[in-house]
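For reference, the structure is listed below as structure tokens.
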Amino acid sequence: MDGYHSVEEQIQDYVRIFLALQQKDKDVESLFKKEKKCIEERERLADIFLPSLFLRERYALTETEYWLVMLAFCCETEGGLCLDFRQKHQERQPNIRYGLHLLSSVLSVDFRLIGELCRRNGMLGDILRLPGEEQAGLLSAPLALGDGAFRFLLTGGLPEGEEYSCVLPEETNSGVLSGGAGQLSGPPLLMLHETEHDRLCRYLSMAEPPKILLHGVKGCGKHTLVKQVCAEEGLSIVFVKVSRLLREETEGRQRIMQSLRLICRLAWPVLVPELVETEDTAESGAVSREKESWEGLFLSENFPRCRMIFLTESSREAQRAGQYADVRMNLSEVLSVEEVRVALDGWIPEKDRREWQEALLGRYRFSVGEMEKKLRVVSILAEERQLTLKDMTPWTEGLKEHSMDSGLGKMIESRCTLDDIVLPKDCREQLETIMRLAKNWGGEQGLHMLFHGSSGTGKTMAASAMAGELKLPLFKVDLSQIFDKYIGETEKHMDEIFRVAKRGRGLLFFDEADALFGKRTGIQDSHDRYANVSTAYLLQRIEEYEGIVILATNLLDHFDDAFVRRIRFVIRFRKPDREDRERMWEKVLWGALPVAADVSAAELAGAADLSPARIKAAAQVAGLLARCSGSETVTREHIRKALELEAGKDETALRGI
């Protein structure tokens, strides 16, 4: 007797037995025993992987349970089996009562089996498509397999879905549990986060592994670390996109959870719920959680004794998941010097590897994901220009490009120095002192300062000059993009701002910061409470930031006194006096254009009490008027008209011009 050479051969033998049972012959019991023995012998001699036997072993199915599952499978693959039921009951699909009655003539069907069927989360609940708890008539329900079980019995492959993905260790790629699952093969994964790697190995190898929380920003290497450890331990992985799962309606979510339970029983994987809110689920997140929280899905009896690792990116989700995790592990946001070297050694061919590449990357603070993207950009630039990775040009250009991209602000490319700004003497001396401190700062926290003064007194230019002097990129935050009406989104935006700034080692500049740090309101409703919490959270992030943060405001009186006391340096940009205005006119007018001899900077300084920005604007208009009139010299009349236009903005008084 030959063993089975295909699943199709096996199914044909089962179908033949079920057809015989439908005939209700007198000697059906002896026929069943004979055919059953033949099938079992051919299964024993089979030289292929038979999914049904693997399923029976993993679920420890009784004989009756196993044959009920095979009847359901055969009814879906062989339409002829359903004809007898359709003729008798005028229904399309045989129901569970019909299946139990058919098997009762040759196998034991007792109340224990009925009880097992009633347990929706029991073993048969993972395999059969049983009705929901809100639905009545269990025995009248169609005898049908769940999507995952049907796929497995037919192909030997694990279920697939947009809400989850399976990754199997390379050694399991022998036809067993293969199908559409990805495998940990190909180039070796980089050995990063060594301390966390060793801890995770220990935890997963325990007899009763703890529930683990793995926290870190996007791109820090959470998925890579889990894949690395599971590949070494020979463990399968199931990554679950929880945000997508929660968006499903009840029926769809139950179907997905059934497939996940089946995978966990068949492959004994590490289950990895990704507790990350994507942009497209931000608005629907609150609604989704009302339907059913992830706690109810993953912390119930759905996955008993299953290894579980929660992945989180936001501090809010980490705090929530931390209530249920036995162990918390935090991955650093950026690679260390040694990890950068390991990554470069792993990704760059030895012939193109140079020591200066490490020094160049050391100017930035990249996560492993960000570094991989940057190296991809560098490689593309090198190929476009027919260069190699040992040439510096594609590196400098590729790393500079989009180094601080974010929809929450913009890079200020223009650079100036303190010599380009006319400032009161005391203000200039304070800025020079802070710059000297910044160059030699060794504190545990960064430098944060507040620039205050009326509009146009040079606050933004001073921030640009400081960035230029310290050779740092300047990132100006767009306040209109920070605050969000959806709870939790504001904190996510703040985290993104500081992550981007930390990656590029940038100087953060918050203009009109009184909108952020205004005096705290009395709590009238939940919106007031949330606004105060968001403001306190932003101040906490500023204090924790290792770089330089500059807040600028025109309205210091609107600032909360408690917040001002926590700022390290406060500099006042007062309006320029007459001497300062005279120096400003000389710089912006005489330093750029020919001026008529009958005009003096001293006279213009006394003509109007203008800020440096308004003096610069008036000088530019005077130059344009001269050009429009065809004159090569800026005359008194040009300046008078320009001053009248500028003074008219707020009815500033003009004197003697």
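The values are calculated or read from the model by the stated rules, or taken from the named source; none is laboratory data. Given the structure is predicted, the values throughout are model-derived calculations rather than measurements. Using ideal geometry, Cβ is built from the backbone for each residue, glycine included, and neighbour counts are taken over all protein chains shown. Each accessible area value is taken on the protein alone, full model and side chains, heavy atoms only, with ligands, DNA and RNA left out. Shrake-Rupley method; radii C 1.70, N 1.55, O 1.52, S 1.80 Å.
A few comments on the model shown:
- Amide hydrogen neighbours beyond the local backbone of Val276, cut-off 5 Å, H modeled: Val242, Ser243
- Cα centroid separation - the stretch 200-216 against the stretch 581-610, whole Å: 72 Å
- On the chain, 49 percent of the accessible area sits on carbon and sulfur atoms, based on a 1.4 Å probe.
- Taking every DSSP bridge with both residues inside the chain, close to 20 percent are antiparallel.
- Amide H contacts of Leu472: none lie under 5 Å away among residues 5 or more positions distant or on a separate chain (H built 1.01 Å from N in the peptide plane; Pro and chain starts excluded).
- Probe 1.4 Å, accessible area per residue of the chain, Å²: 49 Å²
- Size of electric dipole in the chain: Cβ of Lys, Arg +1 and of Asp, Glu -1, about Cα centre, debye, nearest 20: 820 debye
- Whole-Hz Karplus values for the stretch 299-305 come out as 10, 9, 7, 4, 10, x, 6 Hz, taken residue by residue from phi with 6.51 cos²θ - 1.76 cosθ + 1.60 and θ = phi - 60°; glycine and proline positions read x.
- Per residue, the Cα convex hull of the chain amounts to 241 Å³.
- Descending Cα extents along the principal axes, the stretch 220-271, whole Å: 37, 29, 6
- Proximal lysines relative to Lys471, as straight alpha-carbon distance under 23 Å, when same-chain residues fewer than 8 apart are discounted: Lys374, Lys400, Lys410, Lys439, Lys459, Lys502
- Cross-link reach is defined here as a Cα-Cα straight distance under 25 Å, omitting same-chain residues fewer than 8 places apart; for Lys36 the lysines meeting it are Lys24, Lys26.
- Total charge dipole magnitude, the stretch 1-101, about the Cα centre, Cβ charges on Lys, Arg, Asp, Glu only, Debye to nearest 20: 420 debye
- Cβ charges +1 (Lys, Arg) and -1 (Asp, Glu), total dipole of the stretch 303-372, debye: 320 debye
- Pairs beyond 29 Å (Cα-Cα), from Lys476/Lys575; Lys218/Lys351; Lys227/Lys492: Lys218/Lys351
- Cα-based helix-to-principal-axis angle, 194-204 vs the chain, degrees rounded to 10: 30 degrees
- Our note on the geometry: Cα centres of the stretch 85-114 and the stretch 637-651, 96 Å apart.
- A helix-only calculation puts the chain at -14500 deg cm²/dmol for mean residue ellipticity at 222 nm, using -39500 (n - 2.57) for each DSSP H run of at least four residues, averaged over all residues.
- Residues whose placed amide H lies under 5 Å from that of Asn330, excluding near-sequence neighbours: His215
- Nearest 10 degrees, 0 to 90: helix 489-503 Cα axis against the chain principal axis: 70 degrees
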